[in-house]
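The values are calculated or read from the model by the stated rules, or taken from the named source; none is laboratory data. Being a predicted model, the structure only gives us computed values, none of them experimental. Cβ sites come from the backbone with ideal geometry, for glycine too, and all protein chains shown count toward neighbours.
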């Protein structure tokens with residue numbers, strides 16, 4: 001059996017039972033590659049060489065070309081700022097999808113990213129705590145979170161009515177497209193993080 | 001779709017454009033090319049996952065069977081038919097098609113659901129279908145993969161080390177499990193992009209955006 005055993009004590013590996021913006025750790029259930037096993041094909045798949053320190057990316061590096069295509073998609077969706085939706089709203093969509101699908105790790109990372117890009121810390125905290133933005137959030141934010149959620153339902157709930165409402169609220173087509181891309185991408189990311197390992201709270205915060 | 005889609009077509013066909021019906025030079029083509037790296041890498045992901053040069057212990061037929069199942073579970077008819085068609089034309093895939101159709105009709109439900117780690121979030125736990133795929137017609141290995149695909153599509157927060165162990169017991173290596181997980185997870189992305197672009201195509205471009213003569 002090569003499944004990584006969860007033999008650490010609960011004291012060292014406490015799984016978060018709440019959505020949080022804390023910096024969490026993530027542990028794979030399968031064995032990641034060792035740095036000594038990496039070839040140029042793997043580094044190309046990792047895209048950013050520093051990711052060789054991440055157990056998540058080192059596990060995905062078992063299929064390096066697929067990881068590379070995933071990472072380049074991710075970067076264009078979230079970091080290409082030529083037109084389209086501001087980054088804080090793309091990260092809000094990622095957070096809303098992660099909250100809806102139940103990925104505590106992903107939601108923590110992307111709530112922090114949205115906040116760092118100027119997103120409302122208060123609104124994000126309420127989204128994480130309750131699953132919905134506070135009613136006094138901006139119309140644009142309420143719409144982004146709602147559409148992100150509709151896109152994440154199976155069967156997919158996004159329809160022409162959402163396009164109409166987004167346009168009425170002033171979203172242009174490049175912005176709507178970014179919202180579709182960011183929300184769809186987190187359906188991919190959430191399922192990998194949820195199914196290949198588990199998050200834990202940082203050790204130093206567990207007095 | 002009279003001409004049919006093939007990963008081996010020359011010039012290469014973009015799968016998403018093909019399914020949605022996006023013509024070169026149309027407003028949606030322009031929109032997609034504004035995120036060109038995404039356009040290229042969504043296609044590249046599909047090629048690597050569904051038509052790999054080396055199958056690495058996860059056959060092309062198995063991949064197309066999983067893809068048909070996942071697209072069918074989403075109820076996205078155009079991409080479901082495309083993958084079923086590719087499955088039927090692949091090696092031993094023809095015999096699998098009827099089984100996949102049956103599993104889709106038995107397995108369809110509404111997601112996401114599942115349980116959280118025990119604690120304050122437990123009040124949000126939602127029960128739903130835990131789908132067992134009988135190995136009878138398709139063998140242990142593929143039935144374990146389809147069962148895992150159903151878990152990832154509908155209730156990913158129920159995923160566990162035990163689910164991965166079940167795959168290993170059915171003959172899946174660690175590397176093949178990573179590829180299977182990527183395939184299913186990627187498909188949940190791809191069907192949503194296809195759905196979103198199809199909604200936009202029916203809506204047409206916003207008034208005052210895009211060039212009227214380039215709409216399609």
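Some points to look at:
- Test: residue in the range B:108-122 that is in contact (Cβ under 8 Å) with a residue 60 or more places away in the chain and under 28 Å from residue A:107 (Cα atoms): no
- Residue A:99 vs. criteria assigned to a helix (DSSP H, G or I), within 18 Å of the chain's Cα centre (by Cα) and surrounded by 16 or more Cβ atoms within 10 Å (Cβ to Cβ): yes
- Yes/no for residue A:149 being within 30 Å of residue B:149 (Cα to Cα) and surrounded by fewer than 24 Cβ atoms within 10 Å (Cβ to Cβ): yes
Conditions tested, residue by residue: (1) part of a strand (DSSP E or B); (2) more than 24 Å from residue B:63 (Cβ to Cβ); (3) in contact with a strand residue (DSSP E or B) (Cβ under 7 Å, 6 or more places away or on another chain).
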{"position": "B:102", "(1), (2), (3)": "no, no, no"}
{"position": "B:106", "(1), (2), (3)": "no, no, no"}
{"position": "B:117", "(1), (2), (3)": "no, yes, no"}
{"position": "B:122", "(1), (2), (3)": "no, yes, no"}
{"position": "B:133", "(1), (2), (3)": "no, no, no"}
{"position": "B:138", "(1), (2), (3)": "no, no, no"}
{"position": "B:142", "(1), (2), (3)": "no, no, no"}
{"position": "B:148", "(1), (2), (3)": "no, no, no"}
{"position": "B:153", "(1), (2), (3)": "no, no, yes"}
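- Flag for residue A:116 being exposed (fewer than 15 other Cβ atoms within 10 Å of the Cβ) and either within 20 Å of residue A:76 (Cα to Cα) or touching a residue at least 12 places away in the same chain (Cβ under 8 Å) (or both): yes
- Of A:90, A:70, all but one fail to be surrounded by 19 or more Cβ atoms within 10 Å (Cβ to Cβ), touching a residue at least 40 places away in the same chain (Cβ under 8 Å), assigned to a helix (DSSP H, G or I) and within 10 Å of chain B (Cβ to nearest Cβ); the exception is A:70.
- Taken over the range B:28-82, residues that are in contact with a helix residue (DSSP H, G or I) (Cβ under 8 Å, 6 or more places away or on another chain) and on the phi > 0 side of the Ramachandran plot amount to 2.
- Exclusive hit being out of contact with any helix residue (DSSP H, G or I) (no Cβ under 8 Å at 6 or more places or on another chain), closer than 30 Å to residue A:35 by Cα and at pLDDT 95 or above, set A:112, A:70: A:112
- Answer residue from the range B:52-84, given it is under 27 Å from residue B:25 (Cβ atoms) and more than 10 Å from chain A (Cβ to nearest Cβ) and is surrounded by the fewest Cβ atoms within 10 Å (Cβ to Cβ) among those: B:77
- Against the conditions (1) more than 26 Å from residue B:187 (Cα to Cα); (2) at pLDDT below 95, residue A:18 satisfies every one except (2).
- Out of B:159, B:206, B:166, sole residue that is touching a helix residue (DSSP H, G or I) at 6+ places or on another chain (Cβ under 7 Å), at negative phi and more than 10 Å from chain A (Cβ to nearest Cβ): B:166
- Residue in the range A:173-192 that is more than 19 Å from the chain's Cα centre (by Cα), farther than 20 Å from residue B:113 by Cβ and not in a helix (DSSP H, G or I) present: no
- Residues that are within 12 Å of chain B (Cβ to nearest Cβ) and modelled with pLDDT under 95 occur at least once in the range A:44-53.
- Output for the range A:153-175, where each listed residue is in contact with a helix residue (DSSP H, G or I) (Cβ under 7 Å, 6 or more places away or on another chain) and more than 7 Å from chain B (Cβ to nearest Cβ): A:157, A:162, A:165, A:166, A:169
- Considering A:169, A:182, A:129, the condition of being surrounded by fewer than 22 Cβ atoms within 10 Å (Cβ to Cβ), in contact (Cβ under 8 Å) with a residue 60 or more places away in the chain and not assigned by TED's automatic domain parsing to the domain that holds residue A:33 is satisfied by A:129 alone.
- Checked against (1) more than 10 Å from chain B (Cβ to nearest Cβ); (2) buried (at least 20 other Cβ atoms within 10 Å of the Cβ), residue A:198 passes all but a single condition, namely (1).
- Taken together, the criteria place residue A:33 among residues that are modelled with pLDDT of 95 or more and either closer than 24 Å to residue B:164 by Cα or part of a helix (DSSP H, G or I) (or both).
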